[in-house]
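Single-structure report; data block below.
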Amino acid sequence: MASISRLGHSRALTSSMPRVASVRAIPHTTHLATRTLVTAAAVRGGRRVATSITSKSSSSFRSNAYNKTGLRAFSQSLPGYDAEETAEEEEEDPTKAERFADETDVVIVGGGPSGLSAAIRLKQLANAEGRELRVVLVEKGGEIGAHTLSGAVIEPRALNELIPDWKEKGAPLNTAVVEDDFRILTKNHAIPIPVPLHPPQLHNDGNYIVSLSNYVKWLGEQAEEAGVEVFPGFSASEILYNEDGSVKGIATSDVGLDKNFQPKDNFERGMEFHAKVTLFAEGCHGSLTKKLVRQFDLRADSDPQTYGIGIKEVWKIDPAKAQPGKVIHTVGWPLDNKTYSGAFLYHMGDDMVSLGLVIGLDYENPYLSPYKEFQRYKHHPFIKDILEGGECISYGARALNEGGYQSIPKLYFPGGALIGCTAGFLNLVKIKGTHTAMKSGMLAAESAYKAITSEAFEEGKPVVMEDYEANLKKSWVYEELHTVRNCRPSFHSPLGNLGGIMYSGLETIFLRGRSPWTFHNRKPDHACLVPAKSAKPIDYPKPDGKISFDLLTSVSRTGTNHAENQPVHLRLKDKDVPVQRNLKVYDGPEQRFCPAGVYEFVDDESGPEGAKRLQINSQNCIHCKTCDIKDPSQNIDWTVPEGGGGPSYSFT
Ligand SMILES: Cc1cc2nc3c(=O)[nH]c(=O)nc-3n(C[C@H](O)[C@H](O)[C@H](O)COP(=O)(O)OP(=O)(O)OC[C@H]3O[C@@H](n4cnc5c(N)ncnc54)[C@H](O)[C@@H]3O)c2cc1C
Ligand code: SF4
């Protein structure tokens with residue numbers, strides 16, 4: 001992200017805002033990394049506003065500025081601002097202090113493919129017409145790409161539309177797919193399926209094998225170059241509403257609270273971003289999106305969203321085994337016929353492979369551990385042969401949408417819209433969602449731009465982006481999701497995976513989505529576990545330390561870090577439920593479905609002998625969102641931790 005830093009730095013220094021009272025933080029080291037941090041507080045129309053901050057760690061900036069001034073950095077430039085009085089109030093309870101508010105045109109929550117594509121498209125449109133348009137993007141990762149985890153084979157269709165000269169601009173799409181291999185795994189065999197029998201969606205001609213995290217970093221650079229104000233290290237924790245109920249923008253989380261929500265020395269109040277349009281691009285199962293869905297009843301006419309968990313590693317392998325551009329997909333072993341799963345192994349360049357296992361979160365057996373299934377998968381002779389002699393360099397996990405067409409919610413509400421995987425545009429048969437996420441971001445950007453630049457636009461009247469939804473329905477995104485809509489639900493027949501594979505072959509190769517029926521996703525994933533007494537415990541092999549690893553070794557490969565002594569961001573609605581229901585009825589499935597060892601049932605020394613309590617090791621959390629989805633009691637609420645915390649993915 002060196003270039004982002006450089007660009008952001010120069011823009012902040014040359015900001016053309018009137019009456020800029022700048023606060024410069026000196027370079028310093030944080031728990032995350034060293035980064036020169038520059039910002040400016042400006043006054044626009046009598047309001048306090050922040051100009052761009054491009055930082056590795058916004059919290060570092062905040063604390064530095066706080067320490068330097070004795071007051072909040074942004075307080076300095078407010079005209080008619082009674083610093084003494086405000087300081088007194090803040091001393092009374094700084095957590096209640098008025099938040100710094102920045103007025104902007106569009107705010108985007110999330111710096112993944114969808115959010116960045118929306119941001120770039122908005123600035124392209126504005127720049128082409130020579131208009132001033134402020135586009136602010138906040139990202140909870142310490143830098144753009146740090147929280148991105150994917151396969152990834154990407155289809156460049158949306159990129160061709162967004163940045164047609166991406167090759168000249170150095171997009172990191174360096175490994176073109178040269179071969180597709182699709183196999184059914186039994187315990188000891190890997191049966192190849194001839195190419196003419198592959199679903200057309202698994203033909204990857206013209207696609208590229210990438211590290212999505214690197215690709216997103218490059219998109220971040222393009223966004224900055226186009227003039228987007230990119231704020232990594234900022235978690236959007238709250239939706240702000242106007243009096244008429246429309247969305248006004250978002251607030252970022254307070255920084256520097258201790259675990260009891262008391263301010264520490266480095267406490268800094270969150271910021272507000274007010275906008276004409278707010279686009280939510282939080283990725284699969286967004287934490288603010290959940291609230292919007294409830295607030296505006298966005299699922300009134302759609303099926304429940306259903307999910308999978310994808311667990312992956314990146315390996316540096318023996319160069320003699322590298323086959324750059326080869327894409328391998330497998331189904332079958334190690335999961336049984338009732339449990340939906342699929343695996344991938346992509347030969348990237350530089351003797352690296354990216355491999356992973358996706359398991360449907362509608363699995364029934366509470367004893368199933370997605371992490372251990374993946375470790376076991378690597379011991380299949382076909383996979384082990386590729387990995388042997390190599391080294392695992394990265395690990396991570398993330399939930400992904402499986403519901404598809406039937407589960408897409410209403411996409412807009414007064415003041416904004418949902419884009420990308422937070423709405424759910426992943427094409428599961430392809431296991432691809434990057435191109436659809438990008439396209440949805442671009443369409444939303446076009447709709448937002450049209451609305452806020454039209455003559456009919458009235459300040460104070462919310463923008464309603466109906467045409468975004470209408471245009472999406474006319475686009476190739478809808479067409480491809482419609483074609484495969486029956487595939488995932490077909491795995492729920494009594495024939496299990498076998499039935500699903502056969503039906504999906506029929507639907508994708510012959511019917512091509514023209515079947516006059518639509519199967520539904522009826523049951524949410526959290527309702528699918530059976531009680532432990534009706535399930536069979538699974539005896540997983542011990543990791544050998546060469547091909548398979550224990551969980552903590554894997555977590556150490558995610559670079560995860562959360563500031564210590566901060567409020568636990570995994571909130572329990574009822575603290576008794578984990579023991580009284582989850583442990584008693586399901587034998588504590590959170591101990592197994594979390595791919596980072598966050599949940600542990602330990603002895604409760606304050607209780608009677610043998611009593612247990614749930615210990616939450618929130619500092620290990622890799623933000624995959626599985627617990628929020630799969631908890632059978634729906635008692636866990638995943639909220640954003642302080643900005644900058646979480647994994648620090650590379651190569652993923
Ligand atoms: C295991 C796996 C394999 C996959 N394989 C492929 C593949 O091969 N090809 C393909 O095309 N797709 C693949 N996908 C899907 C693809 O990764 C997604 O479709 C794509 O990343 C969606 O982009 P997005 O921008 O909607 O969301 P994301 O990429 O998830 O980005 C969302 C961003 O928002 C940030 N964010 C979330 N909430 C907040 C908040 N409140 N405040 C601030 N920031 C926030 C997150 O940190 C993140 O950076 C795969 C996914 C998984 C999990
Ligand atoms: S605590 Fe939840 S979100 Fe965090 S890693 Fe575990 S399952 Fe994923």
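The values are calculated or read from the model by the stated rules, or taken from the named source; none is laboratory data. Because the structure is a prediction, the values reported are computed rather than measured. Please note: Cβ atoms are built from the backbone with ideal geometry, for glycine as well, and neighbour counts cover all protein chains shown.
Restricting the first member to segment 582-603 and to residues that are assigned by TED's automatic domain parsing to the domain that holds I538 and more than 17 Å from Y395 (Cα to Cα), and the second to residues that are within 11 Å of ligand 2 (Cβ to nearest atom) and in a strand (DSSP E or B), the beta-carbon pairs closer than 6 Å and six or more apart or on different chains are E590/Y599; Q591/Y599. A146 meets all of the listed conditions (1) within 16 Å of ligand 2 (Cβ to nearest atom); (2) without any contact (Cβ under 8 Å) to a residue 60 or more places away in the chain but one, namely (2). Taken over segment 468-485, the criterion of being under 22 Å from Y503 (Cα atoms) and acidic (D, E) is satisfied by E479, E480.
Among the numbered conditions (1) in a helix (DSSP H, G or I); (2) under 20 Å from Y540 (Cα atoms); (3) more than 27 Å from the chain's Cα centre (by Cα), the only one that K338 does not meet is (1).
Working only within segment 124-159, note down all residues that are crowded, with 24+ Cβ neighbours inside 10 Å and of a type in the set (D, E, K, R). Hits for segment 124-159 are E139, K140, E143. Selection within segment 404-423: residues that are in a loop (DSSP other than H, G, I, E, B) and in contact with a Gly (Cβ under 6 Å, 6 or more places away or on another chain). The member of this set that is farthest from Q201 (Cα to Cα) is I419.
For A300, the conditions (1) within 30 Å of F491 (Cα to Cα); (2) of a type in the set (A, V, I, L, M); (3) within 20 Å of the chain's Cα centre (by Cα) are fulfilled apart from (3).
Checked against the criterion of being of a type in the set (K, R) and away from ligand 1 (no atom under 14 Å from the Cβ), the candidates K316, K291 yield just one match: K316.
Conditions tested, residue by residue: (1) under 16 Å from R99 (Cβ atoms); (2) modelled with pLDDT under 95; (3) within 13 Å of ligand 1 (Cβ to nearest atom); (4) in contact with a His (Cβ under 9 Å, 6 or more places away or on another chain).
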{"residue": "F234", "(1), (2), (3), (4)": "yes, no, yes, no"}
{"residue": "V247", "(1), (2), (3), (4)": "no, no, no, no"}
{"residue": "A251", "(1), (2), (3), (4)": "yes, no, yes, no"}
{"residue": "P263", "(1), (2), (3), (4)": "yes, yes, no, no"}
{"residue": "E272", "(1), (2), (3), (4)": "yes, no, no, no"}
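Surrounded by fewer than 19 Cβ atoms within 10 Å (Cβ to Cβ), in a helix (DSSP H, G or I) and not aliphatic (A, V, I, L, M), is that true of K291? It is true that K291 is surrounded by fewer than 19 Cβ atoms within 10 Å (Cβ to Cβ), in a helix (DSSP H, G or I) and not aliphatic (A, V, I, L, M). Return a yes/no flag: does segment 254-277 have any residue that is of a type outside the set (D, E, K, R), crowded, with 22+ Cβ neighbours inside 10 Å, in contact (Cβ under 8 Å) with a residue 12 or more places away in the chain and within 16 Å of ligand 2 (Cβ to nearest atom). Checking segment 254-277: not a single residue is of a type outside the set (D, E, K, R), crowded, with 22+ Cβ neighbours inside 10 Å, in contact (Cβ under 8 Å) with a residue 12 or more places away in the chain and within 16 Å of ligand 2 (Cβ to nearest atom).
If you go through segment 286-294 one residue at a time, do you hit one that is farther than 15 Å from Y412 by Cβ, in contact with a helix residue (DSSP H, G or I) (Cβ under 9 Å, 6 or more places away or on another chain) and among the polar types (S, T, N, Q)? Looking for residues that are farther than 15 Å from Y412 by Cβ, in contact with a helix residue (DSSP H, G or I) (Cβ under 9 Å, 6 or more places away or on another chain) and among the polar types (S, T, N, Q), one finds at least one in segment 286-294, hence yes.
To keep it simple, each residue is scored yes or no on (1) touching a helix residue (DSSP H, G or I) at 6+ places or on another chain (Cβ under 7 Å); (2) in a loop (DSSP other than H, G, I, E, B); (3) on the phi > 0 side of the Ramachandran plot.
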site: H435; (1), (2), (3): yes, no, no
site: L443; (1), (2), (3): yes, no, no
site: S447; (1), (2), (3): yes, no, no
site: A451; (1), (2), (3): no, no, no
site: K461; (1), (2), (3): no, yes, no
site: A470; (1), (2), (3): no, no, no
site: F491; (1), (2), (3): yes, no, no
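Scanning segment 229-245 for residues that are within 20 Å of the chain's Cα centre (by Cα) and part of a loop (DSSP other than H, G, I, E, B) yields G233, F234, S235. Of the helices (runs of 4 or more DSSP H) lying entirely inside segment 44-157, those containing at least 3 residues that are at pLDDT 90 or above and more than 30 Å from K326 (Cα to Cα) span 113-128.
Counting only helices (runs of 4 or more DSSP H) that sit completely within segment 533-652, those holding 1 or more residues that are surrounded by fewer than 23 Cβ atoms within 10 Å (Cβ to Cβ) and more than 16 Å from ligand 1 (Cβ to nearest atom) correspond to 551-556, 590-593. Checking each residue in segment 431-469 for being at pLDDT 95 or above and over 22 Å from V107 (Cα atoms) picks out K432, G433.
Pairing residues of segment 286-305 that are within 12 Å of K625 (Cβ to Cβ) with residues that are within 16 Å of ligand 1 (Cβ to nearest atom) and assigned to a loop (DSSP other than H, G, I, E, B), at Cβ distances under 6 Å and at least 6 apart in sequence or on separate chains, gives S287/T639; S287/V640; T289/E282; Q305/G403; Q305/G424. When we screen S287, S302 for residues that are more than 30 Å from K536 (Cβ to Cβ) and within 16 Å of ligand 2 (Cβ to nearest atom), the only hit is S287. T422 meets the stated requirement of being touching a residue at least 12 places away in the same chain (Cβ under 8 Å) and within 16 Å of ligand 2 (Cβ to nearest atom).
For segment 449-485, residues that are in contact with a strand residue (DSSP E or B) (Cβ under 8 Å, 6 or more places away or on another chain) and closer than 30 Å to N207 by Cα total 5.
The set of residues in segment 419-433 that are more than 12 Å from L472 (Cα to Cα) and touching a Phe, Trp or Tyr at 6+ places or on another chain (Cβ under 8 Å) comprises T422, I431, G433. Among the residues of this structure, Y503 counts as one that is more than 16 Å from ligand 1 (Cβ to nearest atom) and assigned to a helix (DSSP H, G or I). When T339 is tested against the conditions (1) among the polar types (S, T, N, Q); (2) away from ligand 1 (no atom under 16 Å from the Cβ); (3) buried (at least 20 other Cβ atoms within 10 Å of the Cβ), the lone failure is (3). In segment 432-482, of all residues being exposed (fewer than 15 other Cβ atoms within 10 Å of the Cβ) and basic (K, R), the one that is farthest from ligand 2 (Cβ to nearest atom) corresponds to K461. Answer yes or no: is there a residue in segment 202-214 that is among the small types (G, A, S), within 30 Å of T483 (Cα to Cα), more than 10 Å from ligand 1 (Cβ to nearest atom) and outside any strand (DSSP E or B). Yes: one or more hits.
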